[in-house]
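Undergrad: Below is the structure I would like to discuss, written out as structure tokens.
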Amino acid sequence: MKKGLGKIACILGMAAALAACGSGQSSQPATPAEGGGAAQQEASGPVEIRLGGGFASEEPFWLMQIDPSLTPNQGKSYTLNITQFRANADRLNAYQANQIDIASIGQGATMLAASQGIPLKVIASVVKDTPGEGFNTSFMVLKDSGITSVADLKGKVIGIPDFKSPTDLWARSAVRSAGLDPDMDVKYAVIPIPSMAEAVKSKKIDVGVFPQPFYETANASGEFVEVFNAKTGVNVDEDFLVMMANPDFLSQNEQAVKDFLSDYTNAVKYYQENGKEARQKLVDAKKVQADPQLYVNMTDNHRAVDGKVNVEAWGKLQEMLVEEKWVDNPVDPNTIIDMSYLPN
């Protein structure tokens, strides 16, 4: 197994491939601002928080940009500088180069980075994939494919956005749950999420993964049917996107981070309670490129209104990563998770 960044890049997940949603910010790494980031002292004025995000599933961040009523602390104790990255590996590289202070990144990727000795603290949950609550990422086939269950996947090709990603784990675990060998009985093909539907229709792959809002588009076409979802084999409450922060930045800017997370959880609460209205605001502000009607009315993933991660579930997920031989040096989740910056 490759070491270092090459290894970490393999597991970095789904959000990087989802280019149909976005906040319209630059997709290039941020340039460290003079006097900003971890070197900036709160006493000198608002702390610039440089946040590296993706292009999907981060609606509360985008709402923080367009609706000042949700962020009473923004502009006072902190300012928010969001840079979007099309690849999670680039996001991690920017984090290690001190170009961003906080990254929205995959749960498994965070554990792998920690196991490789990269200093980090997990300070909040961004998006969950929770059994029976909210949307669960769907794996779909053509209705006339003859595939009606996971057991029918023997000899088939499953499309995923990256190897050793959350989607890869979901697919492998679902295949294993049906008594098949995920290494011998199926094949995998790396397909960008926006190209997944066409890859299934052209028979390049048999099964594709469809997060939101791609699921809504595929489902509305009437051509696809779900064969399994993210929870078929990984029946735990995943914080599949989290906020990973630089420990030095946290210790030097404690109050600014607390104020930022207070505003963030306020935005999450608003989004969870007013989903359609919130998504319409993002459409009106041209923050998304998905079909407006489908996007506004979609069922989204579950999010923790209080921003807290499920520590017990982190242990269970790491056991799966160890079983898959993706993690060589397990870490104690309690040593990297720090929820003390969240509102009480």
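Undergrad: Please give the charge dipole size of segment 156-267, origin at the Cα centre, charges +1 on K and R Cβ atoms and -1 on D and E Cβ atoms. Round to the nearest 20 debye.
TA: 540
Undergrad: Another question, then. Report the calculated FRET efficiency for ASP338 and ASN235 (r = Cβ-Cβ distance, R0 = 30 Å), to the nearest 0.05.
TA: After rounding to 0.05, the efficiency reads 0.65.
Undergrad: While we're on this one: With each label point set 7 Å from Cα along the Cα-Cβ vector, what nm distance links GLU319 and ALA97?
TA: 4.0
Undergrad: Which entries of LYS121/LYS231; LYS76/LYS286; LYS187/LYS231; LYS76/LYS281 have Cα-Cα distances beyond 22 Å here?
TA: LYS121/LYS231; LYS76/LYS286; LYS76/LYS281
Undergrad: Go through segment 255-263 residue by residue and turn each phi into a ³J(HN,Hα) via Karplus (6.51, -1.76, 1.60, θ = phi - 60°); whole Hz please, and just put x for glycine and proline.
TA: Karplus values, whole Hz, x for Gly and Pro: 5, 4, 5, 4, 5, 4, 5, 4, 5.
Undergrad: Suppose the chain between LYS308 and GLN116 were pulled fully straight at 0.36 nm per residue; how much longer would it get relative to their current alpha carbon spacing?
TA: 66.7 nm
Undergrad: Subtract the Cα-Cα distance of SER69 and LYS204 from 0.36 nm times their separation in residues, and report this length gain in nm to one decimal.
TA: Extending this stretch completely gives an extra 43.9 nm.
Undergrad: For segment 201-267, what is the charge dipole size about the Cα centre, in debye to the nearest 20, if Lys and Arg each add +1 at the Cβ and Asp and Glu each add -1 at the Cβ?
TA: 420
Undergrad: May I ask which residue of VAL225, LEU250, TYR264 lies farthest towards the positive end of the charge dipole of segment 177-311, with charges of +1 (Lys, Arg) and -1 (Asp, Glu) on Cβ and the Cα centre as origin?
TA: VAL225
Undergrad: Using 1/(1 + (r/R0)^6) with R0 = 22 angstrom and r between the beta carbons of LYS187 and ALA151, what's the FRET efficiency to the nearest 0.05?
TA: Working from the Cβ atoms, E equals 0.85.
Undergrad: Could you tell me which of LEU321, TYR295, ASN310 has its Cα farthest along the dipole of segment 286-325 towards the positive end, charges placed at Cβ (Lys, Arg +1; Asp, Glu -1), taken about the Cα centre?
TA: Looking along the dipole axis, the top candidate is TYR295.
Undergrad: Roll a 1.4 Å probe over the protein heavy atoms and report the accessible area of SER57 in Å², nearest 10.
TA: 10
The values are calculated or read from the model by the stated rules, or taken from the named source; none is laboratory data. Owing to the predicted nature of the structure, the values given are computational and were not obtained by experimental measurement. As a convention, Cβ positions derive from the backbone with ideal geometry for all residues, glycine included, and neighbour counts pool all protein chains shown. Each accessible area value is taken on the protein alone, full model and side chains, heavy atoms only, with ligands, DNA and RNA left out. Shrake-Rupley method; radii C 1.70, N 1.55, O 1.52, S 1.80 Å.
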